[in-house]
1. Could you list E30, E88 in order of exposure, starting from the residue whose Cβ has the fewest other Cβ atoms within 10 Å?
2. Which of Y43, Y81, Y61 has the fewest other C-beta atoms within 10 Å, and how do the rest follow up to the most?
3. How much of the pair distance distribution for the chain lies past 23 Å, counting alpha-carbon pairs only, in percent?
4. For the pair A57/A20, report the inter-label distance in nm, with labels modelled 7 Å from Cα in the Cβ direction.
5. What ³J(HN,Hα) values, in whole Hz, does the Karplus curve 6.51 cos²θ - 1.76 cosθ + 1.60 give for segment 110-119 when θ = phi - 60°, with x put for Gly and Pro?
6. Counting other beta carbons within 10 Å of each residue's own, what order do C29, C72 fall into, fewest first?
Amino acid sequence: MTGMTGGCLCGAVRYRLTEAPFNSGLCHCETCRRTSSAPSLPYIGVMRSAFAITQGAPVAYASSARIVRSFCGACGSPLTYDNLDKPETIDVMTVSLDKPEAFPPTEHVWVSEKLTWEVLADGLPAYATGEREGA
């Protein structure tokens, strides 16, 4: 699916994807939880060349070493996760898409940091870290 669009809650920042994502997951790391104020944060991975801001300018925040996240400066909506060690890709927050139902999660990552009361009962693969064990 191409031509997907998305943006923040208030509409100040908009973006467009020109290629389908190469993965889709739910991250349970502490930083993602704090970023979203939720038990997990859904994301899609896309090629950087397929992602473009079409309106406004998100605010960048270095949330940890080599990781830069972007947000809307007006409403605070989290938009992207950028691992500087992987310059060819960028993660986009799934629920910032205009049609987030198009890309349901296919895996859980960082379950080693998952909240103890969050139960994973969807049968999706679950990885202790962000790396797929044995891959």
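Read the figures in this text as sums done on the coordinates, not as results from a lab. Quick caveat, the model's predicted, so the values are computed rather than measured. Cβ atoms come from the backbone with ideal geometry, glycine included; neighbour counts cover every protein chain shown.
1. Values: E30 12, E88 7.
By the 10 Å Cβ count, ascending, the order reads E88, E30.
2. On the way: Y43 26, Y81 21, Y61 12.
Result, fewest neighbours first: Y61, Y81, Y43.
3. On the way: 2630 of 9045 pairs.
In whole percent, the long-distance tail amounts to 29.
4. Placing both labels 7 Å along Cα→Cβ, they lie 3.6 nm apart.
5. Residue by residue, segment 110-119 yields 6, 5, 5, 10, 4, 5, 5, 8, 7, 9 Hz.
6. On the way: C29 19, C72 22.
Ranked by crowding around the Cβ, least crowded first: C29, C72.
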